[in-house]
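Participant: Quick one: the structure is below, and I'll ask about it shortly.
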Amino acid sequence: MNTKNNCNLCPRKCNADREKSKGFCGAGNKATVAKASLHKWEEPCISYKNGAGTVFFSGCSLHCCFCQNDQISNKLFGKEVSDSRLADIFLSLQDMGADNIDLITPTHFVTNIINALDMVKHKLSIPVVYNCGGYELCETIGQLDGYIDVYLPDIKYFSSEISQKYSKAPDYFEKASEAVKAMIKQVGELKYNADGGLIKGTVIRHLVLPSCRHDSMKIMDWIADNTSRKDVLVSIMNQYTPFDFIPDEFSELKRHVTKMEYNSVADHASKLGLNGFTQQKSSASEEYVPDFDLTGI
């Protein structure tokens, strides 16, 4: 939770005075946005008609070494906007026919987002989606009660050794699992509109990584043991792409996920009775990384 001047919105709790300096996430006190546009390649219940109204925020509390959005998450490309301008962006996306307002990597700008939504939520008739990396504090999720309709968190890692290695966050699963439970409790059962669009509920994403299929299966086990089909959809992603910027020390990440690795995770989830989405191998391509060009800012 934030004090008056010092930021503790995420589990890093770096306590930065973001009016004077940057936090661990790389953010100052104004929201920084790299792109705002319609996006048709989210899960079918998120991008179901005209596309999700995506707002890509710059910076991140995780800084994963393999992030496909490295240009904005780690290199911090983007433009600072006022809270009132952010509110206008939300309305512009709605005017374009967006299926929802899809807030991507929003954690470090929760205060700005709440301020912006307070200005325009009486004018918004579409759901607000919180699309995050899962590394959240329950206190921050609590601040969002009444603002968020759909939670779209990752659960990236089960092993603390893997989360330390790739994201320097040994407490990742501890925090993510607590936060996901809080999200589910807050928004409740899955609800859809007449077009099949999700208007309430939680979708848990998991990106299968090279050489990590057993870790992925443990995440599926946890989801099966701790959630219900009426509350949660599971999206098992096959889009891992080995970019050139991945450090040489992580040589195991410099290849695509194999068909066997991905299918073993998807099959395990199916046997557990989890309901949701799988992804084609063709999604593992640089072509699917957005062009961050300040569109809509």
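Participant: Just name the residue that is farthest from LEU294 (Cα to Cα) out of those in the stretch 35-94 that are modelled with pLDDT under 95 and basic (Lys, Arg).
Facilitator: LYS40
Participant: Okay, moving on. From the list SER270, SER251, exactly one residue is part of a helix (DSSP H, G or I), at pLDDT 95 or above and surrounded by 14 or more Cβ atoms within 10 Å (Cβ to Cβ). Which is it? Before the answer, list the steps.
Facilitator: Details: SER251 fails: surrounded by 14 or more Cβ atoms within 10 Å (Cβ to Cβ).
Result: SER270 is the single residue among SER270, SER251 that is part of a helix (DSSP H, G or I), at pLDDT 95 or above and surrounded by 14 or more Cβ atoms within 10 Å (Cβ to Cβ).
Yes/no matrix, rows are residues, columns are (1) part of a strand (DSSP E or B); (2) touching a Pro at 6+ places or on another chain (Cβ under 7 Å); (3) surrounded by fewer than 17 Cβ atoms within 10 Å (Cβ to Cβ); (4) hydrophobic (A, V, I, L, M, F, W, C):
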| residue | (1), (2), (3), (4) |
| --- | --- |
| ARG12 | no, no, no, no |
| GLY26 | no, no, no, no |
| ALA34 | yes, no, no, yes |
| SER37 | yes, no, no, no |
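Participant: Please determine whether any residue of the stretch 45-63 is under 25 Å from LEU253 (Cα atoms) and surrounded by fewer than 24 Cβ atoms within 10 Å (Cβ to Cβ).
Facilitator: Checking the stretch 45-63: at least one residue is under 25 Å from LEU253 (Cα atoms) and surrounded by fewer than 24 Cβ atoms within 10 Å (Cβ to Cβ).
Participant: In the stretch 114-126, is there at least one residue being within 16 Å of the chain's Cα centre (by Cα), buried (at least 17 other Cβ atoms within 10 Å of the Cβ) and not aromatic (Phe, Trp, Tyr)?
Facilitator: No, the stretch 114-126 has no match at all.
Participant: What do you reckon, is LYS230 modelled with pLDDT of 95 or more, out of contact with any Gly (no Cβ under 7 Å at 6 or more places or on another chain) and over 20 Å from HIS63 (Cα atoms)?
Facilitator: yes
Participant: Could you say which residue among ILE199, ILE246, ILE219 is within 19 Å of TYR48 (Cα to Cα), touching a residue at least 60 places away in the same chain (Cβ under 8 Å) and of a type outside the set (S, T, N, Q)?
Facilitator: So the residue among ILE199, ILE246, ILE219 that is within 19 Å of TYR48 (Cα to Cα), touching a residue at least 60 places away in the same chain (Cβ under 8 Å) and of a type outside the set (S, T, N, Q) is ILE199.
Participant: Write out, first by first residue and then by second, each pair whose Cβ atoms fall under 9 Å of each other, whose residues are 6+ apart or on separate chains, and whose first residue, in the stretch 66-89, is within 23 Å of GLU249 (Cβ to Cβ) while the second is at pLDDT below 95 and part of a helix (DSSP H, G or I).
Facilitator: From residues that are within 23 Å of GLU249 (Cβ to Cβ), the pairs are GLN68/GLU286; GLN68/TYR288.
Participant: Consider PHE173 carefully, then state whether it is more than 26 Å from TYR192 (Cα to Cα), in contact with a Lys or Arg (Cβ under 6 Å, 6 or more places away or on another chain) and aromatic (Phe, Trp, Tyr).
Facilitator: no
Participant: Checking the conditions here, which among PHE292, PHE277 is within 22 Å of GLY133 (Cα to Cα), surrounded by 13 or more Cβ atoms within 10 Å (Cβ to Cβ) and modelled with pLDDT under 95?
Facilitator: Sole residue among the options that is within 22 Å of GLY133 (Cα to Cα), surrounded by 13 or more Cβ atoms within 10 Å (Cβ to Cβ) and modelled with pLDDT under 95: PHE292.
The values are calculated or read from the model by the stated rules, or taken from the named source; none is laboratory data. Every value quoted in this text rests on a predicted model; they were computed, and no experiment measured them. So basically every Cβ, Gly included, is an ideal-geometry build from the backbone, and we count neighbours across all protein chains shown.
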